[in-house]
Each structure stands twice: as structure tokens, then as C-alpha cells.
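Here is the structure we will look at.
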Amino acid sequence: MDVDYDVVIIGAGVVGLVVARSLADRKFDSVLIVEQEDSFGKGTSSRNSEVIHSGIYYPTDSLKARYCRLGRELIYPFCRANDVWHSRCGKLVVAQKGQEDDLDRLYRQAQANEVPEIVLMSRKEMETVEPEVSAESALFVGCTGIISAHELMAAFHRYSAEADHDLLIKAAVVGADPEGDHYALSVHGPGDASYQVTTRWVVNAAGLHSDDVAQFLWGSDRKGRPVLRFSKGSYFKLAPRWRHRVQHLIYPLPDPVHDSLGIHLSFDQGGDVKLGPSAEWLDDRKEDYAVREEDNDMFYTDVKQYLPALEWEDLSPDFAGIRPKLAASEDGPSDFYIRHEDDAGYPGWINLIGIDSPGLTAAIAIGEDVAGWIAEGR
Ligand SMILES: Cc1cc2nc3c(=O)[nH]c(=O)nc-3n(C[C@H](O)[C@H](O)[C@H](O)COP(=O)(O)OP(=O)(O)OC[C@H]3O[C@@H](n4cnc5c(N)ncnc54)[C@H](O)[C@@H]3O)c2cc1C
């Protein structure tokens, strides 16, 4: 049967866009991206730290470790070739008194994950490279960087537009039915319009709603289905007096209770410094992006430990993002769910669920795998 598109991608965040870019590379021109917002990149992809992660943290056999390493290796050359702003500034993970063993464990995990350019530093060595920072010891990671997430997404979108892909905005996919060798997607919008789109392949890149979109297919009572928890991360910005005073990203040791990297210091293209993200479970799964002024105390207390010259008045609320977390168990580390659901009886349906950090870093590697699977089945 004739279908409207070869591939429909649900969601135009960095993940949906990079899949489109990899499909464009493989000469796919019958591709539709459906996005419920009024342009691409309005979700989690523009509410994050914009860090190119090294991959030191994740269990060695996890998808996060694999895709972070491959994605990092691919992202720097992509940025250079496509004029995407980035800086390979490096980072320091700092340990305070009593945390030296934890830092050592992290160093061994980084080695196991084959992360290059890692060096353990004494207090004295660290103070020479970063005089504003105070810690007993530190782990230097040279391959960490920062990037403009918006420029990265705009570059992916350029490839997709040049390949004549369609981007449908202000429209949400609200249902899906398998029909023989294809899927019929129910779409609502723009405005009151409701209609069906048929396609051979579906890529579910719906971010915070990717578990709901998967349910269109297999319902809500399927055993073992991926279910997301929302973890809100707020940021505070620092006063202009902090611009260019710190040369590396500064991280505390990770916080295993919240499965987060801890409140770190980073900076952007213009040198403005931000602190964050915090980590707070949102049990009602509401997209609440408000940053509470009263959290100033918590940010100040946490960061003052490694930035002694910080003053309470230096901080002001900035923005927040929400991590779509897929935890193996209540307290276990989360991982990505990246799967062609062929084995589950849904050939042509690819789920990308729980793509929280380091999703931005990992994007190009994810896009390459997904487009590769689709090209193989062409
Ligand atoms: C606080 C925070 C800090 C982070 N820091 C980093 C970092 O420093 N480095 C890093 O590598 N990663 C980081 N990440 C992770 C990274 O931001 C994400 O992994 C990445 O942005 C996920 O992209 P996405 O395309 O899957 O999701 P999104 O950007 O959320 O895109 C999904 C899109 O799908 C659309 N959508 C949803 N449902 C539907 C529907 N039914 N129909 C149509 N459209 C739909 C949404 O509107 C949205 O635009 C961070 C995340 C957070 C929250």
C-alpha cells in the first residue's frame, strides 16, 4: 500500500532532529517530523547545561557510557565542520575532605570507560590551574566541553530541510495503530485539525512524553514497559563579576540519591556563569519550570564549599529543565531505552525513551544507529 511517508519522527528536539539529519545523509527524502510546539528545540534540548560530557560516570556496559563516548567523539568534528559554537574547555571534579575515596572510585570508572585526558590532581596542582576553587584534590577531564545547543539543532535541521523533509509544527501525535506493514498515526493540529498520517517507520523521540507515545502502541498495562520519572533541575546565574574568573567547568562529586551530577559551575559563549542543575523529583509529572528564589540558600551553601569567594548576593534565579529519567530501580542509575521494537512485534517502530543527560552529547551516535537500522530495512 502507498503510505504518506517512509519515516515519521515524533518530536523535534535534538534527538528527533539528529535522526532526521542522519536519514538525510542516507538520502531519505520522505520524512516528516511532527512537533507540538511552534518551532524545534523548545523542550529539554534548550533547558540544559550544554556540556559535552566525557562519559566518566556511567556503568561501563550501559547505553549511556557507549553513546556518550561515541557521541563525544563525533560531536567535536561535527561542530568544526558546521560552524557550531563550542569550546573544549575541560572540567575539574573536586573532592572535599573525606571524599578522596569517592574521587578515586570515579577515576577508576573513567579509566574503565576508556575516557582520555584524565589526571588526578593534588590541592596544590589544582590551585595552580584554578585559583578561585578550593578542594582537597580533583580529577581533571580534558575532553569535556561546552556547546551552543541551539546552533547544534539548527545545523541538524539545515541538513533535514535541504533533504526536503517536512516539519509540521503545532501538531501532536495523539494515537497510533499498526496496519499491516505500516502505521497510521493520529495527529491533532495545527488548530482544530485532526487527521491520519501513514508511515512505514516511526521514530518516537518525544522526550518527556516518549513513554506515553509508546503506550499508543502497547497500552498502559504492558508488563515491564518503560515509565519515566521527572527530575527537575533548576539553575541560578552568577553576577557579572564572575565572568571569566574560572576557566574550567567545576563539578562536585555526583549525587547518587538523586542520580544527578551535583550542582556544578559552567559558563556560556558570552562568559556568563551559571550554577546548577539541582535535582528534585516531580511526582505529579507536571512541566513546572519555575525557579524558586528560596533555593538561593541551597545553591549558595553547596557551591560555597568549592568557591569560597562566592557571596549570597551573587546568585539570582535563572531557568529550569526536566530530566526524563528511566530508573532500573528506585535508586539505581538510569539508562537510555533505545530500541527497534521488532522483537516486541512492532517492526518499524523505534522507541527513544529516557534520553536524559548525556543525551545532547550522545545525539549524533544515537542518530547514526537509528538511521542505520532504518536504512537496513529499506
Ligand atoms: C537539567 C538538565 C541538564 C542537562 N544537561 C545536559 C548536558 O550538559 N549535556 C548533555 O549531553 N545532556 C544534558 N541534558 C540532557 C539533554 O538535554 C537531553 O538528553 C536532550 O535534550 C533530549 O532531547 P530530546 O530530543 O529527546 O527531548 P526534547 O528536547 O524534550 O524534545 C522532545 C520534543 O518532542 C515534542 N513532543 C512530545 N510529545 C509529542 C507529541 N505527542 N507529538 C509531537 N511532538 C511531541 C516536545 O514538544 C519536544 O519538543 C540535560 C537535561 C536536563 C533536563
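The values are calculated or read from the model by the stated rules, or taken from the named source; none is laboratory data. In this text the structure is predicted, and so the values were computed from the model without any measurement. For neighbour counting, all protein chains shown are included, and Cβ atoms are generated from backbone atoms with ideal geometry for every residue, glycine included.
Worth pointing out:
- Verdict on Gly262 being more than 14 Å from the ligand (Cβ to nearest atom), of a type outside the set (A, V, I, L, M, F, W, C) and part of a loop (DSSP other than H, G, I, E, B): no
- Selection count, the stretch 319-378, where residues are among the acidic types (Asp, Glu) and touching a Pro at 6+ places or on another chain (Cβ under 9 Å): 4
- Just one of (1) more than 15 Å from the ligand (Cβ to nearest atom); (2) surrounded by fewer than 22 Cβ atoms within 10 Å (Cβ to Cβ) fails for Asp38. It is (1).
- Selection from the stretch 217-272 of residues that are free of Cβ contacts under 8 Å to residues at least 40 places away in the same chain, closer than 19 Å to Pro317 by Cβ and of a type in the set (Asp, Glu): Asp272
- For the stretch 260-287, residues that are within 17 Å of Lys91 (Cβ to Cβ), surrounded by fewer than 19 Cβ atoms within 10 Å (Cβ to Cβ) and at pLDDT 95 or above total 0.
- Taken over the stretch 269-283, the residue count meeting the criterion of being assigned to a loop (DSSP other than H, G, I, E, B) and farther than 20 Å from Tyr306 by Cβ is 3.
- Annotation: Glu37 fulfils all but one of (1) in a loop (DSSP other than H, G, I, E, B); (2) more than 29 Å from Phe319 (Cβ to Cβ); (3) among the acidic types (Asp, Glu); the unmet one is (2).
- Per this entry, Ser45 is counted among residues that are hydroxyl-bearing (Ser, Thr, Tyr), crowded, with 19+ Cβ neighbours inside 10 Å and within 7 Å of the ligand (Cβ to nearest atom).
- Gly359 falls short of the stated requirement of being under 30 Å from Glu73 (Cβ atoms) and surrounded by fewer than 14 Cβ atoms within 10 Å (Cβ to Cβ).
- Inspection of the stretch 209-217 identifies no residue that is β-branched (Val, Ile, Thr), near the ligand (Cβ under 9 Å from one of its atoms) and touching a His at 6+ places or on another chain (Cβ under 6 Å).
- Qualifying residue in the stretch 318-331 (condition: assigned to a helix (DSSP H, G or I) and out of contact with any Phe, Trp or Tyr (no Cβ under 6 Å at 6 or more places or on another chain)): no
- Residues within the stretch 185-208 that are more than 15 Å from the ligand (Cβ to nearest atom) and assigned to a strand (DSSP E or B), tallied: 3
- From the list Asp83, Asp25, Asp4, Asp29, the one residue that fits, being on the phi > 0 side of the Ramachandran plot and more than 10 Å from the ligand (Cβ to nearest atom), is Asp83.
- Condition met for Arg241 (assigned to a helix (DSSP H, G or I) and more than 16 Å from the ligand (Cβ to nearest atom)): yes
- Residue pairs whose Cβ atoms lie under 9 Å apart, sitting 6 or more positions apart in sequence or on different chains, and linking a residue in the stretch 18-47 that is free of Cβ contacts under 8 Å to residues at least 40 places away in the same chain to a partner that is small (Gly, Ala, Ser) and within 11 Å of the ligand (Cβ to nearest atom), are Lys42/Ala12; Lys42/Gly13.
- Flag for Gly367 being within 11 Å of the ligand (Cβ to nearest atom) and in contact (Cβ under 8 Å) with a residue 24 or more places away in the chain: yes
- Of the residues Phe319, Phe336, the single one that is in contact with a Gly (Cβ under 6 Å, 6 or more places away or on another chain), within 11 Å of the ligand (Cβ to nearest atom) and not hydroxyl-bearing (Ser, Thr, Tyr) is Phe336.
- The stretch 51-70 - residue that is of a type in the set (D, E, K, R) and buried (at least 22 other Cβ atoms within 10 Å of the Cβ) and, of those, farthest from the ligand (Cβ to nearest atom): Arg69
- Subset of the stretch 244-259 [at pLDDT 95 or above and assigned to a strand (DSSP E or B)]: Leu249, Ile250, Tyr251
- Members of the stretch 146-178 that are surrounded by fewer than 18 Cβ atoms within 10 Å (Cβ to Cβ), closer than 13 Å to Val15 by Cα and within 13 Å of the ligand (Cβ to nearest atom): His150
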